[in-house]
Amino acid sequence: MRCLLAWAALLLAFAAVPASVVQVIQPFDDPRDPPSWRPLTDAEQALHELGLTVFNTSWRPAGAARAERIDGLGPVFNAASCDACHSNGARARTAVEPGLIPVSMVVQLGGPDGKAADPSYGHVLNTAAIDSYQPEAQIRLSYTERRGRYPDGQPWSLRVPTYRFEEMRLGPLRNDTVIKPRLAPALFGSGLLDAVPVAGDSATGRFGWQGNVPSLAAQTAQAFAQDMGLTSADFAQDDCGAADTRCRAAESGGEPEVSDEFLAAVIAYQRLLAMPESPALEQPYEKAGLALFERHGCANCHRNSLPVSGIEGLASIAPYTDLRRHDLGPGLADRSVSGKVQPSRWRTAPLWGLGHAVRRPPYALLHDGRARSIEEAVLWHDGEAASARRRFERSTVAERNRLLDWLSAR
Ligand code: HEC
Ligand code: HEC
């Protein structure tokens with residue numbers, strides 16, 4: 001922890017970069033090395049490179065040969081590197097098709113009382129394990145198709161997911177355990193979301209699809225622990241269920257497994273990641289799209305201006321989110337193993353960077369990747385967003401396409 005503080009102090013000392021050069025949206029010339037939203041000093045550049053290396057590192061099991069500083073993976077985990085799920089900082093680059101769920105999808109578990117964690121399996125159902133262990137489970141997804149029509153007769157089709165659990169190492173899940181499938185979101189602009197002053201009901205957090213994680217630093221330490229089985233100063237427990245004594249007794253790759261230096265570097269790396277640029281629409285189309293977005297009421301939640309504090313030369317950002325949580329109805333809500341709907345509130349998904357994803361398929365939208373297109377994502381809006389969806393449905397085909405084109409240029 002002391003070391004983390006030292007890094008933080010160092011970072012502050014670096015802050016002397018001319019304010020005029022802050023540029024939130026940047027061209028991504030080399031997608032494998034996404035740019036920062038401001039120029040870096042030499043010392044920051046070194047930290048950035050270390051952070052990128054940590055982000056891309058495939059961690060090894062405890063005691064692996066020639067892996068002293070990068071061992072301690074598991075014993076159960078989902079993926080061995082951050083990059084395996086957040087491909088070069090982008091959202092999961094995968095479609096979410098029937099069959100075993102993709103690596104970049106994590107099924108979290110919740111108690112019925114809102115408590116996180118299952119006594120046998122912990123917070124995350126880990127689908128991989130190091131050689132001497134067994135994964136906790138395999139998770140199989142299927143869909144039923146739900147068809148309908150717009151008021152003008154145009155057909156649409158949505159997919160309703162169902163999850164099945166196989167090869168459960170410690171027996172079946174309890175009937176009241178809540179299943180929380182989550183697809184890896186993009187990390188671009190995370191440091192800027194972190195700089196939005198806390199307000200109102202967002203006080204519990206702003207990261208994760210439910211906005212339930214307080215900070216970028218907390219989310220990073222949690223990802224190491226729960227998705228990768230790696231302890232750090234900020235998160236000292238792997239994701240072993242309370243009752244899984246064998247998992248708890250597993251060999252450690254060091255105390256902690258992720259050094260303060262590596263943890264601080266990967267946080268610093270993410271903090272400065274810019275948003276990818278999308279090709280600009282011609283002015284009339286840009287204006288018409290925004291007008292529809294506002295007229296339908298999308299912008300009430302997907303707000304196109306939020307203040308940021310503590311960043312010289314930047315007063316606000318345009319993330320198309322209010323960072324608040326909303327109930328979008330039972331169709332999108334999490335369910336328990338027995339199928340009971342768990343009232344769920346979701347952070348308004350930031351729409352900046354959406355174009356980067358849809359221009360580089362495969363991609364999938366919404367918290368569990370069920371939406372195959374922006375149009376499907378909009379049609380799933382219900383609950384607090386029902387009236388906005390209805391206005392979208394009732395608009396003409398030309399208007400719907402105008403809005404969808406505008407969205408894919410964010
Ligand atoms: C197995 C896949 C997987 C791995 C590995 C993984 N993540 Fe994630 N990440 C996710 C998922 C899924 C979410 C969404 C979690 C939620 O909604 O609760 C997420 C969310 C995040 C977020 C929050 C973004 C936002 O806007 O809400 C950050 C930041 C993040 N991860 C960073 C990391 C870092 C850094 C690493 C490596 C230390 C990492 N992740 C490893 C799957 C993964
Ligand atoms: C009441 C608040 C609210 C309103 C109004 C609203 N949204 Fe959303 N939107 C959300 C939330 C919350 C999510 C995340 C839901 C989830 O993942 O389950 C979301 C997700 C999305 C996504 C998917 C983003 C992603 O990263 O997967 C798109 C696209 C989107 N909204 C577009 C729209 C459009 C277009 C409108 C207007 C017709 C609209 N939204 C109105 C709250 C809202």
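The values are calculated or read from the model by the stated rules, or taken from the named source; none is laboratory data. Bear in mind the structure is a predicted one, so any value in this text is a computation, not a measurement. Cβ coordinates were reconstructed from backbone atoms using ideal geometry, including for glycine residues, and neighbour counts include every protein chain displayed. For accessibility, only protein heavy atoms count, side chains too; no ligands or nucleic acids. Shrake-Rupley method; radii C 1.70, N 1.55, O 1.52, S 1.80 Å.
Using each residue's phi in the stretch 22-28, evaluate 6.51 cos²θ - 1.76 cosθ + 1.60 at θ = phi - 60° and report the 3J(HN,Hα) Karplus result to the nearest Hz, with x for Gly and Pro.
Coupling constants for the stretch 22-28: 5, 9, 4, 9, 9, x, 9 Hz.
So, in nm, how far is label Val198 from label Tyr163 when the simple model puts each one 7 Å beyond its Cα toward the Cβ?
2.8
Most mobile of Ala333, Ala79, Ala268 per a Gaussian network model of the chain (Cα springs, under 10 Å)?
Ala333
How high is the relative contact order of the stretch 278-407, in percent, with contacts defined as C-alpha pairs under 8 Å that are six or more residues apart?
Normalised by residue count, the contact order of the stretch 278-407 is 27 percent.
How large is the helix-only mean residue ellipticity at 222 nm for the chain, computed as the sum of -39500 (n - 2.57) over DSSP H runs with n ≥ 4, divided by its residue count, in deg cm²/dmol to the nearest 500? Intermediate results must be reported in sequence, preceding the final value.
Numbers: 13 runs with 107 residues, N = 410.
One gets -7000 deg cm²/dmol as the mean residue ellipticity at 222 nm.
Just how large is the dipole of the chain about the Cα centre, in debye to the nearest 20, putting +1 at every Lys and Arg Cβ and -1 at every Asp and Glu Cβ?
1500
Would you mind getting the accessible area per residue of the stretch 278-407, heavy atoms of the protein chains only, 1.4 Å probe, in Å²?
On the way: 5880 Å² over 130 residues.
Normalised by residue count, the accessible surface of the stretch 278-407 is 45 Å².
Can you give the log10 of the normalised intensity I(q)/I(0) at q = 0.19, 0.23 Å⁻¹, computed with Debye over equal Cα scatterers of the stretch 278-407?
Scattering profile of the stretch 278-407, log10 relative to I(0): -1.20, -1.56.
Starting from the exponent 0.38 and prefactor 2.2 Å, build the expected Rg for the stretch 305-350 from its residue count and divide its actual Cα Rg by it.
1.70
Sort 374-381, 124-131, 61-68, 254-261 for me by packing, meaning the mean count of neighbouring Cβ atoms within 10 Å per residue, highest on top.
Packing order, densest peptide first, comes out as 124-131, 374-381, 254-261, 61-68.
Can you compute 3J(HN,Hα) from phi for each residue in the stretch 169-181, using the Karplus curve 6.51 cos²θ - 1.76 cosθ + 1.60 with θ = phi - 60°, rounded to whole Hz and x for Gly and Pro?
5, 10, x, x, 5, 5, 4, 9, 5, 8, 8, 10, x
For the stretch 172-233, what D do you get in µm² per second when you plug the Kirkwood radius from alpha-carbon pairs into Stokes-Einstein at 20 °C and 1.002 mPa s?
Once the numbers are plugged in, D ends up at 160 µm²/s.
Pick from Arg159, Arg360, Arg390: which is most flexible by mean-square fluctuation in a GNM of the chain where alpha carbon atoms under 10 Å apart are linked?
Arg360
Can you put Val198, Val341, Val54 in order of accessible area, largest first, using a 1.4 Å probe?
Numbers: Val198 95, Val341 55, Val54 5 Å².
Of Val198, Val341, Val54, the descending order of accessible area is Val198, Val341, Val54.
Out of residues 5 or more away from Ser36 or on other chains, whose amide H comes under 5 Å of its own, with H placed 1.01 Å from N in the peptide plane?
Ala274
Between Arg182 and residues 5 or more places away or on another chain, which pairs have amide H atoms under 5 Å apart, with H built 1.01 Å from N, and which residues are they?
Val106, Val107, Gln108
Roughly speaking, what is the stretch gain from Val103 to Ala236, that is 0.36 nm per residue apart minus the C-alpha to C-alpha distance, in nm to one decimal?
Numbers: separation 133, 0.36 × 133 = 47.88 nm, distance 2.39 nm.
Working it through step by step, the gained length comes to 45.5 nm.
Report the convex hull volume per residue for the chain, counting only C-alpha atoms, in Å³.
Working: hull volume 56.9 nm³, N = 410.
Taking the convex hull of the Cα positions in the chain, it is 139 Å³ per residue.
Running a GNM on the chain with Cα contacts under 10 Å, which residue among Cys240, Cys82, Cys298 ends up with the highest mean-square fluctuation?
Top of the fluctuation ranking is Cys298.
Calculate the tail of P(r) for the stretch 248-341: the fraction of all Cα-Cα distances greater than 23 Å, expressed in %.
Above the 23 Å cut-off, the stretch 248-341 has 59 percent of its Cα pairs.
I need the calculated FRET efficiency for the pair Glu261 and Arg32, taking r as the beta carbon distance and R₀ as 25 Å, to the nearest 0.05.
The computed FRET efficiency comes out at 0.60.
Please list, ordered by chain and number, the residues whose modelled amide H lies under 5 Å from the amide H of Trp156; skip anything fewer than 5 residues away on the same chain.
Under 5 Å from the amide H of Trp156 lie the amide H atoms of Gly148, Arg149, Tyr150, each far enough along the sequence or on another chain.
Report ³J(HN,Hα) in whole Hz for each residue of the stretch 88-104, in order, from the Karplus equation J = 6.51 cos²θ - 1.76 cosθ + 1.60 where θ = phi - 60°; Gly and Pro get x.
Computed from phi, the couplings for the stretch 88-104 are 6, x, 7, 5, 3, 8, 7, 7, 10, 9, x, x, 5, 5, x, 3, 7 Hz.
Measure off, as a whole percent, the carbon and sulfur share of the 1.4 Å-probe accessible area of the chain, all protein chains present.
On the way: 9720 of 18370 Å².
Looking at the chain in its full context, I get 53 percent from C and S.
Based on the inverse mean of 1/r over its pairs of different Cα atoms, what is the Kirkwood hydrodynamic radius of the stretch 367-410, in Å?
Kirkwood hydrodynamic radius for the stretch 367-410: 11.0 Å.
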